[in-house]
Every structure is written in structure tokens, then in C-alpha cells.
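Please read the structure below before turning to the comments.
The values are calculated or read from the model by the stated rules, or taken from the named source; none is laboratory data. Small disclaimer: the values here were computed from a predicted structure and weren't measured. We place every Cβ from the backbone using ideal geometry, glycine too, and count neighbours over all the protein chains shown.
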Amino acid sequence: MIVRLLSGALSGVDAYPVEVEVDYARQGLPGFSLVGLPETEVREARDRVFAALRASGFKLAPARVTVNLAPAGQRKSGAGYDLPLALGLLAAAGFVPAERAERLVFTGELSLAGGLRPVRGVLPLALLTRELMAQGRADGLVVPPANAAEASVVSGLPVFAPQSLAECAAFLAGEDAPEPPRRADPAAQAVAPVPDFAEVKGQEAAKRALEIAAAGGHNILLVGPPGSGKTMLARRLPGILPPLAFEEALDVTRILSVAGQLAPDSGLVTERPFRAPHHTVSDVALVGGGRTPRPGEVSLAHRGVLFLDELPEFPRAALEALRQPLEDGMVTVSRAAGSVTYPARFILVAAMNPCPCGHYGDSAHACACRPEEVARYRRKLSGPLLDRIDLHVDAPQVSYAEFRPGSASVPERWSSAAMRGRVLAARAAQAARASAEGDAHAAPALNATLSGRELERHCALDAAGHALMEAAMDRLGLSARACTRILRVARTIADLEGAPAIGEAHLAEAVGLRILDRQGGRPAPGR
């Protein structure tokens, strides 16, 4: 007898259906064969499944078992095929009705005792199941209990979460369904407190630049000596970003699910991600990949912030791999077996010292580096990479008088609450422009992503503006990409001021935030 159960496999952050075909033949010599390009963890399912069947009280007669994972031309990985494989064997052997089992989608890892353990990628599978239901091919999804809250994020989807293989078999045999999982309330989830910009004394120029970055989704580079507060500033950026819209939260949750980094029993992620990998990270860990591709740090930071401290210390290959996601908002990982695409639309916040000792241009400390050492340090960052960073900002050393206990408090306008209010108003202006033009966006449109056609409409300059841009391009040696990014930043500055058009002052500030060293196009430290 041949039984066909539905499961799913991952391709990027999406899932596609996989048929688990089980042929249970009493004729011929007993044996077990698993085909359909299974990876190692799938091939090992045989031992887990038969141990779980025995522990659950099922005794199968000797038979020739052939299992096919269709489509057979695509590799299958993960332990999620344990449950459909075990149920396919039970249905083929007559322990559960095949007709009922073939109408559900299954995923789950089995313990040797027959319990169900969580697996990754359940949210994309839940979205796929809803599509299959619309096509009349499925009636619901069966997942381990620890994945139930994740699957229940998808509205209109019946989710069943049995505790064990025996309970799942009893449910398919007609007994009462497992208690439906409670759908997680995003509003009730505990949110970790984000430090406040009001705690950082001084550095008002850097705070202004970070506000611009948050309002328009721009990338920013902070250059300053050690201990000047670059990391403190970067870690406070998520506190002034707007809350995640539902579609954005769904994107973030799906990526964490595919990467296996979603905590058990967690539902929709409501906080914007903040990722800060160590500078020893490899290019694969940063942008994604591997033998079985997984999302990298740039995708785990999707819709949030990626903070790269000590930027020149990162491997050159890892930094150069950032070019595509910074330009396109996505990463395509190609391997011999195929390619997958991961979303990677994030705000890059990078920090670096101006030289190896950190005191180049610092009036309070003498720089101990030789000119060739400074030049070698700067050459670790390529011009094309820096060209993709919109804002280059100095973070000079703060004097003791500024931060000593009892000194004047930070002005209210530089608190996170006040900065967040201005950011929300600027983003509302951007969303209103996109809505007025009828543009369909999965998330609110940001100035950092304006296309050429949109730049023509929203970033038009008057004669004085054109003269200023021409002078800046000639004197600073700016590329066409740099000029485009300056226009986007100027549009954001105008939005923060509530101005309908870009003025000369907005453009001048945008140019000033991109002053480059005349040697090699690198940021001028300590300007």
C-alpha cells in the first residue's frame, strides 16, 4: 500500500510542499530505502522513527519499505520529516486511516521515546499550508507543541500540536483533537528596555546624524577615538525606530524561524532586531550560506540594525560581501545545487577608530602612528564599500566637564522619546508620498530606497541646489552613487523639518555629513 503525506522544505525564507510517499509491501525481503536526495539528518530519521514507534506501542510487521521525498530533484534537510514518515508507516500498515492523514501537513522531530521536538522553519510552512488550504489540498497543520505559537501567527489556519506520536496517531484515528494552542498576543510580550539617548552626554552632532539615519533608513559610519561613545550611541538607535508593522514583524519572525533562532513557544517577534557580530565573523556567517544555506547576520538584522564595531578589523572578504545587501536589500547565495535569496534590508551602523592607536586628529592625545600605518589602516576599507554608506560622522572625545556627575542634563530634544517623535513624523511623510502615488509597498517606503524615478519627483533641486551639488561633486570627487545618496539624505532632512521640498540648507547639511578624505575617498577622521 502506498500512502502520501504532506510536509515541506525550505528554499530561502519560503517553504515549498514535499510529498512523503511511503510504500509498505509485505512481499519480498524486509528492508528500508529512503530516496529523494535526503541529507544526513533526514537519512538518520529511520532509526529515530522505528525507536519512537516501538516506544509508542506500535509493532509493525516485517515489510519492504520504500520512502520517496518528492520532488526528488531537490535536496531535503532537517529533522522535520520524522513525524510524517512515522505516520506514513502507520497509515500504510493500517493503524490510522490514510484518508485523514493525507489531508494534513506534518512536521516535527521525534525523540526515541516518541515525543515531539521543535524544528526550524515552521512559520514559512504555516504560510504554505494556508496556500494549500486555499487550493483545497490540505485542512490544517500538525506541529510539535513548542512550535504551536509560531504556527498560530498565521490567521485562519487550524493548528494541531500533539505532545507525542501516540497522541497524534490517536487524533488521526478519530479521537479528540489536541487542545488548540493559544495564539500569542504580541501586545502581551515582554519587551526588553532600550537604553535612552538622554543618558549620553555630548555628541549632539552624532545624535543628529543617527536621527537622520533612523528617519530615512540610511547607513552611517561613526569615526572617533576609543571611549568616545560610538557603541553607546549605536545601541540606542533601535529605541528611536518606529514599531514593526505586521508584515515587517512577519518577515523578521520568518527569518529567525528559518535560521533556527526563534525561541520555543514564541509567537510573532515585535522588536526590531539589533545584531552586533564580532569582528572575527566569517563572510558566510555575515551574509549567509554554508553547505545547507542559512541566513547570515545581514538577514537576521532585516528591518532592524546591523552594528559593526571596529569596522577595519573585519575580514576583507566579509566586508566586500556587504556590497550587494547594502545596494539591493537582499542576499543571493549560489551553490552548485542551486541558489537561494534572503532579504537583508537593514540600517548599517559602523564604528571605527581614525587610526590604529585611535588618536589621529585628537587634540587631547598625540597620535603614535606613522603615516604609512594610518594609510594601511584606512585601506582596509574599500572605496566602493564606503560609497554605500550615506553618513560619515565624527564622534570626538567628550571632555570631563561634559559628562562629569552633576553636570547639566541632556536637553530634552535629545532624549529618545523626542527623537522618536521626529522620526515617526518624517516616516509618516514618506509613507504619505508613497500612498498618494499608489505605490504598493510591503512596508513603508523609506527615502534610502528611492528609485531614480522617485528621485526625480521628490528630490528636485532649484538652481542654487544644482550649483551646490555640482561644486560638491567637483571639489570632493563624489561618484554618481554618492550624489544620489546625498539627495536621499537631503530629502530625509527636509522631512524632519517638515519641508515640502529640499532647500539649500538641507542639501548643505547632507553634503557636510559626507565629507570625505581627499586621499582614497575615506572618511576624514577628526575633521
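Key figures
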item: Hey, ARG130 at pLDDT 95 or above and under 24 Å from VAL269 (Cα atoms) or not; result: yes
item: Residue under evaluation GLU211, criteria (1) of a type outside the set (S, T, N, Q); (2) at positive phi; (3) touching a Leu at 6+ places or on another chain (Cβ under 9 Å), criterion not met; result: (2)
item: Any pair with Cβ under 7 angstrom, 6 or more apart, that starts in the stretch 386-409 at a residue that is without any contact (Cβ under 8 Å) to a residue 24 or more places away in the chain and ends at one that is part of a loop (DSSP other than H, G, I, E, B) and not charged (D, E, K, R); result: ALA401/SER407
item: Selection from the stretch 210-228 of residues that are farther than 17 Å from ASP387 by Cα and either surrounded by fewer than 23 Cβ atoms within 10 Å (Cβ to Cβ) or of a type in the set (A, V, I, L, M, F, W, C) (or both); result: LEU210, ILE212, ALA214, ALA215, PRO226, GLY227
item: The stretch 102-123 - residue that is out of contact with any Ser or Thr (no Cβ under 7 Å at 6 or more places or on another chain) and either of a type in the set (Asp, Glu) or surrounded by fewer than 24 Cβ atoms within 10 Å (Cβ to Cβ) (or both) and, of those, nearest to GLY80 (Cα to Cα); result: GLU109
item: Condition broken by GLN74, with the remaining ones in (1) closer than 29 Å to PRO293 by Cα; (2) at pLDDT 95 or above; (3) surrounded by fewer than 16 Cβ atoms within 10 Å (Cβ to Cβ) satisfied; result: (2)
item: Residue match in the stretch 311-321 (condition: within 25 Å of GLY121 (Cα to Cα) and at pLDDT 95 or above); result: no
item: Members of the stretch 442-472 found to be over 22 Å from GLU497 (Cα atoms), modelled with pLDDT under 90 and surrounded by 13 or more Cβ atoms within 10 Å (Cβ to Cβ), listed by number; result: ALA443
item: Number of the condition not met by PRO343 [criteria: (1) crowded, with 21+ Cβ neighbours inside 10 Å; (2) more than 27 Å from the chain's Cα centre (by Cα); (3) more than 25 Å from ARG514 (Cα to Cα)]; result: (2)
item: Top-ranked residue in the stretch 250-293 [being small (Gly, Ala, Ser) and part of a helix (DSSP H, G or I); ranked as surrounded by the most Cβ atoms within 10 Å (Cβ to Cβ)]; result: SER257
item: Leading residue by the ranking (nearest to LYS207 (Cα to Cα)) among those in the stretch 315-355 that are in contact (Cβ under 8 Å) with a residue 12 or more places away in the chain and among the β-branched types (Val, Ile, Thr); result: VAL349
